[in-house]
Amino acid sequence: MASTQIPTVLAIAGTDPTGGAGLQADIKAISETGGFPLSVVTSLVAQNTCGVREVHTPPVEFLLAQLDAVFDDVRVDAVKIGMLGTAEVTEAVTEYLDAHPVKTLVLDPVMVATSGDRLLDSAAEAALRELCRRATVITPNLPELAVLAGEPEAQDLDAAAAQGARLAAELGCAVVVKGGHLSEERADNVWVSPDGATHPAPTARVATRNTHGTGCSLSSALAGRLAAGDEPAAALAWATGWLAEAIGYADALGIGTGNGPVDHTHRSRRLAAAASTTPWPEPAAVPEVLETPEDLDALAAEGLEARIAAVGPWTAALWRAAAGVAEAATTGEFVRRLTGGSLAEAQFDFYLHQDKLYLDDYSEALAEVGTRTPTGEDRLAWFHDAAETIETEAALHRAWFPEGGADAEDPSPVTLGYTSFLRATVRSEEPCVGAAAVLPCYWLYSEIGLRMADHIRADHPYRAWLETYSDEGFITQTKAAMARVERALAAGSPRGRARAVRAFLNSCHWEREFFDQASRA
(Lines give C-alpha, C1' and ligand atoms only; values in the text may rest on other atoms or scores of the structure.)
Protein backbone atom coordinates (compact mmCIF):
# COMPACT_ATOMS: atom_id res chain seq x y z
CA MET A 1 0.00 0.00 0.00
CA ALA A 2 1.37 3.42 -0.95
CA SER A 3 2.08 5.68 2.00
CA THR A 4 0.52 9.12 2.28
CA GLN A 5 3.33 11.62 2.62
CA ILE A 6 2.85 14.62 4.86
CA PRO A 7 4.82 17.77 4.04
CA THR A 8 8.22 18.23 5.66
CA VAL A 9 9.31 21.65 6.91
CA LEU A 10 12.87 22.42 7.98
CA ALA A 11 13.21 25.11 10.65
CA ILE A 12 16.60 26.83 10.84
CA ALA A 13 16.77 28.91 13.99
CA GLY A 14 18.02 29.34 17.55
CA THR A 15 16.68 27.59 20.62
CA ASP A 16 14.48 28.49 23.58
CA PRO A 17 14.86 26.13 26.54
CA THR A 18 11.53 27.27 28.00
CA GLY A 19 9.74 26.21 24.81
CA GLY A 20 7.92 29.38 23.79
CA ALA A 21 10.03 30.63 20.89
CA GLY A 22 12.76 29.57 18.48
CA LEU A 23 13.04 26.00 17.28
CA GLN A 24 10.83 24.68 20.05
CA ALA A 25 7.98 26.93 18.91
CA ASP A 26 8.73 26.12 15.26
CA ILE A 27 8.43 22.39 15.89
CA LYS A 28 5.09 22.77 17.69
CA ALA A 29 3.68 25.15 15.07
CA ILE A 30 4.69 22.97 12.12
CA SER A 31 3.22 19.91 13.81
CA GLU A 32 -0.06 21.77 14.36
CA THR A 33 -0.32 22.45 10.62
CA GLY A 34 -0.09 18.74 9.87
CA GLY A 35 3.53 18.89 8.71
CA PHE A 36 6.58 16.93 9.83
CA PRO A 37 9.11 19.29 11.45
CA LEU A 38 12.86 19.07 10.85
CA SER A 39 15.29 21.36 12.66
CA VAL A 40 18.79 22.78 12.37
CA VAL A 41 20.26 24.83 15.21
CA THR A 42 21.99 28.14 14.46
CA SER A 43 22.42 29.30 18.06
CA LEU A 44 22.01 27.87 21.53
CA VAL A 45 20.17 30.55 23.48
CA ALA A 46 19.93 30.65 27.27
CA GLN A 47 16.59 32.47 27.58
CA ASN A 48 13.30 32.29 29.41
CA THR A 49 10.10 34.33 29.60
CA CYS A 50 12.01 37.18 31.27
CA GLY A 51 14.73 37.60 28.65
CA VAL A 52 17.91 36.36 26.99
CA ARG A 53 20.88 35.54 29.25
CA GLU A 54 23.50 34.16 26.91
CA VAL A 55 23.91 33.08 23.29
CA HIS A 56 26.33 30.45 22.03
CA THR A 57 26.80 30.18 18.26
CA PRO A 58 28.42 26.90 17.15
CA PRO A 59 30.97 26.98 14.31
CA VAL A 60 29.58 27.34 10.81
CA GLU A 61 31.10 23.94 9.97
CA PHE A 62 28.69 22.33 12.47
CA LEU A 63 25.75 24.25 10.96
CA LEU A 64 26.67 22.91 7.52
CA ALA A 65 27.04 19.40 8.92
CA GLN A 66 23.48 19.59 10.29
CA LEU A 67 22.17 20.83 6.94
CA ASP A 68 23.96 18.02 5.11
CA ALA A 69 22.54 15.46 7.51
CA VAL A 70 19.02 16.65 6.65
CA PHE A 71 19.33 17.16 2.89
CA ASP A 72 21.36 13.97 2.30
CA ASP A 73 18.58 11.85 3.78
CA VAL A 74 15.23 13.65 3.92
CA ARG A 75 12.89 15.27 1.40
CA VAL A 76 12.51 18.96 2.31
CA ASP A 77 9.29 20.57 1.07
CA ALA A 78 9.72 23.93 2.75
CA VAL A 79 12.22 25.84 4.87
CA LYS A 80 11.44 28.33 7.62
CA ILE A 81 14.35 30.52 8.78
CA GLY A 82 14.40 32.36 12.08
CA MET A 83 17.35 33.66 14.10
CA LEU A 84 20.64 33.61 12.20
CA GLY A 85 22.55 36.16 14.25
CA THR A 86 25.72 36.83 12.26
CA ALA A 87 26.71 37.69 8.72
CA GLU A 88 28.80 34.52 8.53
CA VAL A 89 25.88 32.27 9.46
CA THR A 90 23.47 34.14 7.17
CA GLU A 91 25.83 33.89 4.20
CA ALA A 92 26.40 30.19 4.85
CA VAL A 93 22.68 29.47 4.91
CA THR A 94 22.14 31.55 1.76
CA GLU A 95 24.86 29.68 -0.15
CA TYR A 96 23.59 26.33 1.05
CA LEU A 97 20.01 27.00 -0.06
CA ASP A 98 21.27 28.32 -3.40
CA ALA A 99 22.85 24.89 -3.87
CA HIS A 100 19.84 23.05 -2.42
CA PRO A 101 16.79 25.03 -3.60
CA VAL A 102 13.37 24.36 -2.07
CA LYS A 103 9.93 25.27 -3.37
CA THR A 104 8.89 27.30 -0.34
CA LEU A 105 11.14 29.50 1.80
CA VAL A 106 9.60 31.48 4.67
CA LEU A 107 11.99 33.93 6.33
CA ASP A 108 11.33 35.61 9.65
CA PRO A 109 13.99 38.34 9.46
CA VAL A 110 15.05 38.61 13.10
CA MET A 111 16.68 42.04 13.15
CA VAL A 112 14.96 44.18 15.79
CA ALA A 113 13.72 43.13 19.22
CA THR A 114 10.25 44.07 20.44
CA SER A 115 12.00 46.61 22.66
CA GLY A 116 13.31 48.32 19.52
CA ASP A 117 16.94 47.24 20.01
CA ARG A 118 18.83 46.34 16.81
CA LEU A 119 20.01 42.73 17.00
CA LEU A 120 22.35 42.69 13.97
CA ASP A 121 25.29 44.77 12.85
CA SER A 122 25.31 46.39 9.39
CA ALA A 123 27.14 43.48 7.72
CA ALA A 124 24.63 40.97 9.06
CA GLU A 125 21.71 43.18 8.00
CA ALA A 126 23.10 43.40 4.47
CA ALA A 127 23.50 39.61 4.33
CA LEU A 128 19.97 39.12 5.59
CA ARG A 129 18.58 41.46 2.94
CA GLU A 130 20.22 39.29 0.26
CA LEU A 131 18.61 36.19 1.77
CA CYS A 132 15.23 37.96 1.67
CA ARG A 133 15.52 38.12 -2.11
CA ARG A 134 15.53 34.29 -2.20
CA ALA A 135 12.45 33.96 0.01
CA THR A 136 8.92 33.10 -0.99
CA VAL A 137 7.66 35.36 1.79
CA ILE A 138 9.18 37.28 4.69
CA THR A 139 7.40 37.99 7.99
CA PRO A 140 9.03 41.05 9.62
CA ASN A 141 7.62 42.80 12.66
CA LEU A 142 6.90 46.50 12.13
CA PRO A 143 10.35 47.75 13.27
CA GLU A 144 12.02 45.17 10.99
CA LEU A 145 9.75 46.17 8.13
CA ALA A 146 10.83 49.77 8.59
CA VAL A 147 14.54 48.84 8.65
CA LEU A 148 14.24 46.73 5.50
CA ALA A 149 12.26 49.44 3.74
CA GLY A 150 14.62 52.21 4.92
CA GLU A 151 11.64 54.21 6.15
CA PRO A 152 10.15 55.38 9.47
CA GLU A 153 8.06 52.79 11.30
CA ALA A 154 4.41 52.70 10.16
CA GLN A 155 1.79 53.75 12.69
CA ASP A 156 -1.29 52.04 11.24
CA LEU A 157 -2.04 48.96 9.16
CA ASP A 158 -2.76 50.81 5.92
CA ALA A 159 0.60 52.59 6.09
CA ALA A 160 2.34 49.34 7.01
CA ALA A 161 0.72 47.52 4.08
CA ALA A 162 1.83 50.28 1.70
CA GLN A 163 5.34 50.02 3.11
CA GLY A 164 5.18 46.25 2.67
CA ALA A 165 4.10 46.65 -0.94
CA ARG A 166 7.08 48.85 -1.73
CA LEU A 167 9.45 46.39 -0.06
CA ALA A 168 7.89 43.38 -1.80
CA ALA A 169 8.34 45.04 -5.16
CA GLU A 170 11.96 45.88 -4.35
CA LEU A 171 12.94 42.43 -3.02
CA GLY A 172 10.81 40.33 -5.38
CA CYS A 173 9.26 38.33 -2.53
CA ALA A 174 5.96 38.51 -0.70
CA VAL A 175 5.76 40.31 2.64
CA VAL A 176 3.41 39.48 5.49
CA VAL A 177 2.59 42.70 7.31
CA LYS A 178 1.66 41.99 10.93
CA GLY A 179 -0.67 44.23 12.89
CA GLY A 180 0.04 42.77 16.31
CA HIS A 181 2.40 45.57 17.39
CA LEU A 182 0.03 48.35 16.39
CA SER A 183 -2.22 50.09 18.90
CA GLU A 184 -5.34 49.59 16.80
CA GLU A 185 -8.39 47.67 18.04
CA ARG A 186 -7.63 44.77 15.70
CA ALA A 187 -4.44 42.80 15.00
CA ASP A 188 -4.99 41.91 11.33
CA ASN A 189 -2.25 40.48 9.12
CA VAL A 190 -1.87 41.16 5.39
CA TRP A 191 -0.07 39.16 2.68
CA VAL A 192 1.42 41.60 0.14
CA SER A 193 2.69 40.14 -3.14
CA PRO A 194 5.45 41.68 -5.28
CA ASP A 195 2.81 42.73 -7.82
CA GLY A 196 0.95 44.66 -5.12
CA ALA A 197 -1.89 42.17 -4.60
CA THR A 198 -3.02 41.94 -0.97
CA HIS A 199 -4.74 39.21 1.04
CA PRO A 200 -5.90 40.37 4.49
CA ALA A 201 -6.31 37.93 7.37
CA PRO A 202 -8.51 39.63 9.99
CA THR A 203 -8.18 38.82 13.67
CA ALA A 204 -9.33 40.39 16.91
CA ARG A 205 -6.75 41.68 19.34
CA VAL A 206 -6.30 39.66 22.52
CA ALA A 207 -5.51 41.55 25.71
CA THR A 208 -2.54 39.62 27.11
CA ARG A 209 1.15 40.09 27.77
CA ASN A 210 1.82 36.43 27.03
CA THR A 211 2.92 36.67 23.40
CA HIS A 212 6.44 35.26 23.64
CA GLY A 213 7.36 33.56 20.38
CA THR A 214 4.41 34.73 18.28
CA GLY A 215 6.66 35.79 15.37
CA CYS A 216 8.39 32.40 15.25
CA SER A 217 5.08 30.61 15.55
CA LEU A 218 3.26 32.52 12.81
CA SER A 219 6.04 32.10 10.26
CA SER A 220 6.36 28.37 10.99
CA ALA A 221 2.61 27.84 10.73
CA LEU A 222 2.64 29.75 7.45
CA ALA A 223 5.47 27.54 6.14
CA GLY A 224 3.56 24.42 7.15
CA ARG A 225 0.37 25.43 5.35
CA LEU A 226 2.22 26.59 2.23
CA ALA A 227 4.08 23.26 2.18
CA ALA A 228 0.71 21.50 2.40
CA GLY A 229 -0.37 23.24 -0.81
CA ASP A 230 -2.45 26.13 0.49
CA GLU A 231 -2.63 29.28 -1.60
CA PRO A 232 -1.15 32.36 0.13
CA ALA A 233 -4.50 33.78 1.28
CA ALA A 234 -5.64 30.45 2.72
CA ALA A 235 -2.26 29.78 4.36
CA LEU A 236 -2.17 33.17 6.08
CA ALA A 237 -5.82 32.88 7.17
CA TRP A 238 -5.16 29.47 8.71
CA ALA A 239 -1.94 30.56 10.44
CA THR A 240 -3.55 33.76 11.72
CA GLY A 241 -6.60 31.94 13.08
CA TRP A 242 -4.53 29.20 14.69
CA LEU A 243 -2.23 31.73 16.35
CA ALA A 244 -5.17 33.84 17.53
CA GLU A 245 -6.53 30.78 19.34
CA ALA A 246 -3.10 30.04 20.81
CA ILE A 247 -2.81 33.63 22.07
CA GLY A 248 -6.39 33.58 23.35
CA TYR A 249 -5.58 30.78 25.77
CA ALA A 250 -2.03 31.85 26.65
CA ASP A 251 -2.93 33.26 30.05
CA ALA A 252 -4.32 29.92 31.20
CA LEU A 253 -0.95 28.23 30.61
CA GLY A 254 0.78 29.96 33.50
CA ILE A 255 4.26 29.31 32.07
CA GLY A 256 7.01 31.50 33.49
CA THR A 257 6.98 34.76 35.43
CA GLY A 258 7.60 37.13 32.50
CA ASN A 259 6.00 37.42 29.07
CA GLY A 260 4.83 33.85 28.72
CA PRO A 261 4.35 31.69 25.63
CA VAL A 262 1.17 31.07 23.67
CA ASP A 263 -0.75 27.80 23.89
CA HIS A 264 0.48 26.20 20.66
CA THR A 265 -1.47 22.96 21.09
CA HIS A 266 -4.83 24.32 22.23
CA ARG A 267 -6.41 23.67 18.83
CA SER A 268 -5.30 20.06 18.68
CA ARG A 269 -6.50 19.41 22.25
CA ARG A 270 -9.83 21.03 21.40
CA LEU A 271 -10.24 18.83 18.34
CA ALA A 272 -9.28 15.73 20.32
CA ALA A 273 -11.92 16.58 22.92
CA ALA A 274 -14.50 17.07 20.17
CA ALA A 275 -13.77 13.56 18.91
CA SER A 276 -14.37 11.99 22.31
CA THR A 277 -17.09 9.31 22.43
CA THR A 278 -17.68 9.75 26.17
CA PRO A 279 -21.43 10.25 26.80
CA TRP A 280 -22.51 13.75 27.82
CA PRO A 281 -22.75 13.72 31.62
CA GLU A 282 -25.68 16.08 32.31
CA PRO A 283 -28.47 14.14 30.52
CA ALA A 284 -27.32 10.86 32.10
CA ALA A 285 -27.60 12.38 35.59
CA VAL A 286 -31.30 13.32 35.31
CA PRO A 287 -33.50 11.26 37.69
CA GLU A 288 -36.06 8.88 36.18
CA VAL A 289 -38.91 10.80 37.81
CA LEU A 290 -39.28 14.55 38.41
CA GLU A 291 -42.07 15.60 40.73
CA THR A 292 -40.90 19.19 41.29
CA PRO A 293 -38.25 21.54 39.84
CA GLU A 294 -36.27 21.11 43.05
CA ASP A 295 -35.64 17.49 42.04
CA LEU A 296 -33.09 18.93 39.58
CA ASP A 297 -31.13 20.85 42.22
CA ALA A 298 -28.40 18.19 42.30
CA LEU A 299 -27.64 18.96 38.62
CA ALA A 300 -27.13 22.70 39.20
CA ALA A 301 -23.71 23.67 37.83
CA GLU A 302 -21.42 26.66 37.66
CA GLY A 303 -21.58 28.33 34.29
CA LEU A 304 -23.24 30.98 32.19
CA GLU A 305 -25.62 33.41 33.84
CA ALA A 306 -28.64 33.82 31.59
CA ARG A 307 -29.41 37.29 30.31
CA ILE A 308 -32.90 36.15 29.39
CA ALA A 309 -34.46 35.25 32.72
CA ALA A 310 -36.39 32.02 33.13
CA VAL A 311 -40.16 32.47 33.06
CA GLY A 312 -40.95 30.03 35.85
CA PRO A 313 -39.55 27.37 38.17
CA TRP A 314 -39.19 24.66 35.52
CA THR A 315 -37.27 26.78 33.01
CA ALA A 316 -35.15 28.13 35.88
CA ALA A 317 -34.26 24.54 36.83
CA LEU A 318 -33.47 23.76 33.17
CA TRP A 319 -30.97 26.61 32.96
CA ARG A 320 -29.30 25.75 36.25
CA ALA A 321 -28.75 22.21 34.98
CA ALA A 322 -27.45 23.44 31.61
CA ALA A 323 -25.30 26.37 32.82
CA GLY A 324 -22.01 24.56 32.20
CA VAL A 325 -22.73 23.45 28.65
CA ALA A 326 -24.33 26.85 27.94
CA GLU A 327 -21.03 28.48 28.95
CA ALA A 328 -19.17 26.19 26.55
CA ALA A 329 -21.64 26.91 23.73
CA THR A 330 -21.44 30.68 24.06
CA THR A 331 -17.66 30.92 24.50
CA GLY A 332 -16.43 28.30 22.01
CA GLU A 333 -13.86 29.00 19.34
CA PHE A 334 -16.39 29.53 16.53
CA VAL A 335 -18.44 32.00 18.56
CA ARG A 336 -15.30 33.78 19.77
CA ARG A 337 -14.02 34.34 16.23
CA LEU A 338 -17.46 35.19 14.88
CA THR A 339 -17.96 37.78 17.62
CA GLY A 340 -14.58 39.37 16.96
CA GLY A 341 -15.12 39.40 13.20
CA SER A 342 -12.02 37.26 12.59
CA LEU A 343 -13.84 34.09 11.54
CA ALA A 344 -12.62 32.89 8.15
CA GLU A 345 -15.25 33.41 5.47
CA ALA A 346 -15.01 29.76 4.43
CA GLN A 347 -15.93 28.72 7.97
CA PHE A 348 -18.89 31.09 8.04
CA ASP A 349 -19.99 29.75 4.67
CA PHE A 350 -19.79 26.22 6.06
CA TYR A 351 -21.82 27.27 9.10
CA LEU A 352 -24.54 28.89 6.98
CA HIS A 353 -24.77 25.88 4.65
CA GLN A 354 -25.26 23.60 7.62
CA ASP A 355 -27.61 26.09 9.29
CA LYS A 356 -29.93 26.02 6.29
CA LEU A 357 -30.00 22.23 6.23
CA TYR A 358 -30.61 22.15 9.98
CA LEU A 359 -33.39 24.74 9.94
CA ASP A 360 -35.33 22.91 7.23
CA ASP A 361 -35.63 20.00 9.67
CA TYR A 362 -36.00 22.26 12.70
CA SER A 363 -39.02 23.95 11.15
CA GLU A 364 -40.63 20.53 10.71
CA ALA A 365 -39.78 19.72 14.34
CA LEU A 366 -41.53 22.89 15.51
CA ALA A 367 -44.58 21.98 13.48
CA GLU A 368 -44.56 18.47 15.00
CA VAL A 369 -44.41 19.97 18.48
CA GLY A 370 -47.42 22.10 17.54
CA THR A 371 -49.31 19.05 16.31
CA ARG A 372 -48.81 17.34 19.67
CA THR A 373 -49.64 20.41 21.78
CA PRO A 374 -53.22 20.29 23.06
CA THR A 375 -53.66 23.96 23.99
CA GLY A 376 -54.98 26.09 21.13
CA GLU A 377 -52.85 29.23 21.55
CA ASP A 378 -49.65 27.32 22.22
CA ARG A 379 -50.31 25.04 19.27
CA LEU A 380 -50.77 28.00 16.93
CA ALA A 381 -47.61 29.66 18.30
CA TRP A 382 -45.47 26.60 17.47
CA PHE A 383 -46.92 26.56 13.94
CA HIS A 384 -46.25 30.28 13.57
CA ASP A 385 -42.61 29.87 14.63
CA ALA A 386 -42.19 26.97 12.21
CA ALA A 387 -43.14 29.24 9.32
CA GLU A 388 -41.19 32.23 10.71
CA THR A 389 -38.02 30.14 10.97
CA ILE A 390 -38.04 29.34 7.28
CA GLU A 391 -38.86 32.90 6.24
CA THR A 392 -36.23 34.63 8.40
CA GLU A 393 -33.45 32.19 7.65
CA ALA A 394 -34.20 32.15 3.93
CA ALA A 395 -33.72 35.91 3.85
CA LEU A 396 -30.34 35.61 5.57
CA HIS A 397 -29.18 32.87 3.25
CA ARG A 398 -30.33 34.72 0.14
CA ALA A 399 -28.40 37.79 1.27
CA TRP A 400 -25.18 35.83 1.86
CA PHE A 401 -25.54 33.44 -1.10
CA PRO A 402 -27.24 35.56 -3.79
CA GLU A 403 -26.71 32.82 -6.39
CA GLY A 404 -28.30 30.08 -4.31
CA GLY A 405 -25.04 28.42 -3.24
CA ALA A 406 -26.48 27.38 0.12
CA ASP A 407 -28.05 24.29 -1.49
CA ALA A 408 -24.69 22.81 -2.47
CA GLU A 409 -23.66 21.06 0.77
CA ASP A 410 -24.69 17.75 2.31
CA PRO A 411 -25.35 17.63 6.04
CA SER A 412 -22.29 17.14 8.21
CA PRO A 413 -22.23 14.31 10.77
CA VAL A 414 -23.06 16.84 13.52
CA THR A 415 -25.97 18.34 11.58
CA LEU A 416 -27.27 14.90 10.70
CA GLY A 417 -26.99 13.74 14.31
CA TYR A 418 -28.76 16.80 15.71
CA THR A 419 -31.64 16.74 13.24
CA SER A 420 -32.09 12.98 13.64
CA PHE A 421 -32.25 13.45 17.41
CA LEU A 422 -34.88 16.19 17.05
CA ARG A 423 -37.01 14.23 14.59
CA ALA A 424 -37.12 11.25 16.96
CA THR A 425 -37.65 13.30 20.12
CA VAL A 426 -40.53 15.51 18.97
CA ARG A 427 -42.60 12.39 18.25
CA SER A 428 -42.80 11.60 21.96
CA GLU A 429 -46.28 10.99 23.31
CA GLU A 430 -45.84 13.72 25.93
CA PRO A 431 -45.80 17.24 24.44
CA CYS A 432 -43.32 18.52 27.03
CA VAL A 433 -40.51 16.30 25.66
CA GLY A 434 -40.51 17.74 22.15
CA ALA A 435 -41.10 21.27 23.44
CA ALA A 436 -38.05 21.04 25.70
CA ALA A 437 -35.91 19.59 22.89
CA VAL A 438 -36.50 22.55 20.55
CA LEU A 439 -36.02 25.23 23.23
CA PRO A 440 -32.19 25.47 23.20
CA CYS A 441 -32.23 26.66 19.59
CA TYR A 442 -34.19 29.67 20.84
CA TRP A 443 -32.56 30.24 24.19
CA LEU A 444 -28.89 29.61 23.42
CA TYR A 445 -29.06 31.48 20.12
CA SER A 446 -30.55 34.46 21.94
CA GLU A 447 -27.93 34.34 24.69
CA ILE A 448 -25.17 34.22 22.08
CA GLY A 449 -26.82 36.97 20.05
CA LEU A 450 -27.11 39.29 23.04
CA ARG A 451 -23.45 38.83 23.87
CA MET A 452 -22.40 39.37 20.28
CA ALA A 453 -24.46 42.56 20.13
CA ASP A 454 -21.96 44.15 22.49
CA HIS A 455 -19.34 43.85 19.73
CA ILE A 456 -21.33 44.86 16.63
CA ARG A 457 -19.61 47.59 14.66
CA ALA A 458 -20.47 49.18 11.35
CA ASP A 459 -17.81 47.25 9.38
CA HIS A 460 -18.35 43.87 11.07
CA PRO A 461 -18.33 41.28 8.25
CA TYR A 462 -21.13 39.23 9.84
CA ARG A 463 -23.22 42.09 11.15
CA ALA A 464 -26.49 40.90 9.56
CA TRP A 465 -26.29 37.54 11.35
CA LEU A 466 -25.40 39.12 14.69
CA GLU A 467 -28.25 41.61 14.45
CA THR A 468 -30.79 38.91 13.60
CA TYR A 469 -30.16 36.96 16.78
CA SER A 470 -29.90 39.96 19.09
CA ASP A 471 -33.02 41.55 17.59
CA GLU A 472 -35.75 42.37 20.08
CA GLY A 473 -38.26 40.46 17.97
CA PHE A 474 -36.28 37.24 18.28
CA ILE A 475 -35.79 37.80 22.03
CA THR A 476 -39.57 38.21 22.40
CA GLN A 477 -40.09 35.04 20.39
CA THR A 478 -37.65 33.21 22.66
CA LYS A 479 -39.43 34.33 25.83
CA ALA A 480 -42.74 33.15 24.40
CA ALA A 481 -41.27 29.74 23.59
CA MET A 482 -39.87 29.52 27.12
CA ALA A 483 -43.35 30.22 28.51
CA ARG A 484 -44.83 27.45 26.38
CA VAL A 485 -42.20 25.00 27.62
CA GLU A 486 -42.86 26.08 31.21
CA ARG A 487 -46.56 25.28 30.78
CA ALA A 488 -45.81 21.98 29.04
CA LEU A 489 -43.50 20.84 31.83
CA ALA A 490 -46.00 21.84 34.50
CA ALA A 491 -48.64 19.74 32.73
CA GLY A 492 -46.37 16.75 32.08
CA SER A 493 -46.12 13.51 34.01
CA PRO A 494 -43.15 12.98 36.36
CA ARG A 495 -41.55 10.55 33.90
CA GLY A 496 -42.36 12.77 30.94
CA ARG A 497 -40.68 15.71 32.66
CA ALA A 498 -37.55 13.64 33.22
CA ARG A 499 -37.43 12.73 29.54
CA ALA A 500 -38.03 16.39 28.67
CA VAL A 501 -35.11 17.58 30.79
CA ARG A 502 -32.82 14.98 29.24
CA ALA A 503 -33.98 16.11 25.80
CA PHE A 504 -33.28 19.77 26.67
CA LEU A 505 -29.78 18.98 27.94
CA ASN A 506 -28.98 16.81 24.93
CA SER A 507 -30.10 19.62 22.63
CA CYS A 508 -27.84 22.07 24.52
CA HIS A 509 -24.90 19.80 23.79
CA TRP A 510 -25.96 19.48 20.15
CA GLU A 511 -26.13 23.28 19.92
CA ARG A 512 -22.58 23.52 21.27
CA GLU A 513 -21.44 20.89 18.76
CA PHE A 514 -23.29 22.61 15.93
CA PHE A 515 -21.52 25.91 16.48
CA ASP A 516 -18.11 24.38 17.16
CA GLN A 517 -18.11 22.16 14.08
CA ALA A 518 -17.46 25.18 11.85
CA SER A 519 -14.20 25.86 13.71
CA ARG A 520 -13.09 22.33 12.77
CA ALA A 521 -13.77 22.86 9.06
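Give me the dipole magnitude in Debye, nearest 20, for the stretch 369-521 about the Cα centre, with unit charges on the beta carbon: positive for Lys and Arg, negative for Asp and Glu. Write down the numbers at each step before the final one.
Working: 17 positive and 22 negative charges, 161 e Å.
That gives a dipole near 780 debye.
In vacuo Debye scattering of the chain, one point per C-alpha: log10 I(q)/I(0) at q = 0.06, 0.11, 0.12, 0.13 Å⁻¹? Ignoring solvent entirely, the Cα scatterers give -0.36, -0.94, -1.04, -1.15.
Roll a 1.4 angstrom probe over the protein heavy atoms and tell me the percent of accessible area of the stretch 45-145 that is carbon or sulfur. Its accessible area is 51 percent carbon and sulfur atoms. Of all DSSP-defined beta bridges confined to the chain, some 45% are antiparallel rather than parallel.
Normalising the average separation of contacting C-alpha pairs (under 8 angstrom, six or more residues apart) by the number of residues puts the relative contact order of the chain at 12 percent.
With +1 on each Lys and Arg Cβ and -1 on each Asp and Glu Cβ, and nothing else charged, work out how big the dipole of the stretch 83-167 is about its Cα centre, in Debye to the nearest 20. Numbers along the way, then the final one.
Numbers: 6 positive and 14 negative charges, 61 e Å.
It comes to approximately 300 debye.
For Gly35, the shell of other residues with beta-carbons less than 13 Å away shows a net charge of 0, using +1 for Lys and Arg and -1 for Asp and Glu.
Ordering Lys356, Lys479, Lys80, Lys178 by accessible surface, largest first, gives Lys479, Lys356, Lys178, Lys80; the 1.4 Å probe counts only protein heavy atoms, with every chain in place.
On a per residue basis, the chain carries 42 Å² of accessible surface, using protein heavy atoms and a 1.4 Å probe. Could you tell me how far the Cα centroid of the stretch 70-96 sits from the Cα centroid of the stretch 10-25, in Å? Their Cα centres are 15 Å away from one another.
Each Lys and Arg adds +1 at its Cβ and each Asp and Glu adds -1 at its Cβ; summed about the Cα centre, the chain shows a dipole of about 740 debye.
Quick one: order Thr392, Thr198 from most to least accessible surface, probe 1.4 Å. Could you put the intermediate results ahead of the total?
Numbers: Thr392 50, Thr198 75 Å².
Descending order: Thr198, Thr392.
Within the stretch 104-227, DSSP assigns beta bridges of which about 70% are antiparallel (rounded to the nearest 5). Put +1 on the Cβ of every Lys and Arg and -1 on every Asp and Glu Cβ in the chain; which of Val192, Leu105, Gly215 then has its Cα farthest towards the positive end of the dipole? The residue sitting farthest along the positive end of the dipole is Gly215.
Straight-distance candidates among the lysines for linking to Lys80, with alpha-carbon spacing under 28 Å and chain neighbours fewer than 8 residues away dropped: Lys28, Lys103, Lys178.
Computing the accessible area with a 1.4 Å probe over protein heavy atoms, can you report the carbon and sulfur percentage for the stretch 415-521?
Values: 1900 of 3550 Å².
Result for the stretch 415-521: 54 percent of the exposed heavy-atom area is carbon or sulfur.
Candidate membrane-span-like segments in the chain, meaning DSSP H helices with Cα atoms spread over at least 27 Å of their own axis and a Kyte-Doolittle mean of 0.0 or above, are 431-453, 472-491, with no membrane implied. Considering only Trp443, Gly20, Pro202, the residue lying farthest towards the positive end of the dipole of the chain is Trp443, judged by Cα position with unit charges set on Cβ. Reducing the stretch 483-508 and the stretch 331-368 to their Cα centroids gives an inter-centroid distance of 25 Å. Only protein atoms count toward the accessible area here, which uses a 1.4 Å probe; on the stretch 224-349, the carbon and sulfur part of that area reaches 55 percent. The residue list Ala387, Gly332, Leu357 was ranked by how far each Cα lies along the charge dipole of the stretch 323-399 toward its positive end, using unit charges on Cβ atoms, and Gly332 comes out on top. As a length-normalised measure over Cα pairs under 8 Å and 6 or more apart, the relative contact order of the stretch 265-393 settles at 15 percent. Per-residue accessible area (protein heavy atoms, 1.4 Å probe) orders Ile247, Ile448 as Ile247, Ile448, starting from the largest.
The values are calculated or read from the model by the stated rules, or taken from the named source; none is laboratory data. Please read all numbers here as calculations on a predicted model, not as lab measurements. Ideal geometry is used to build each Cβ from the backbone, glycine not excepted, and the neighbour counts take in all protein chains shown. Calculation scope for accessible area: heavy atoms of the full protein, side chains included, ligands and nucleic acids excluded. Shrake-Rupley method; radii C 1.70, N 1.55, O 1.52, S 1.80 Å.
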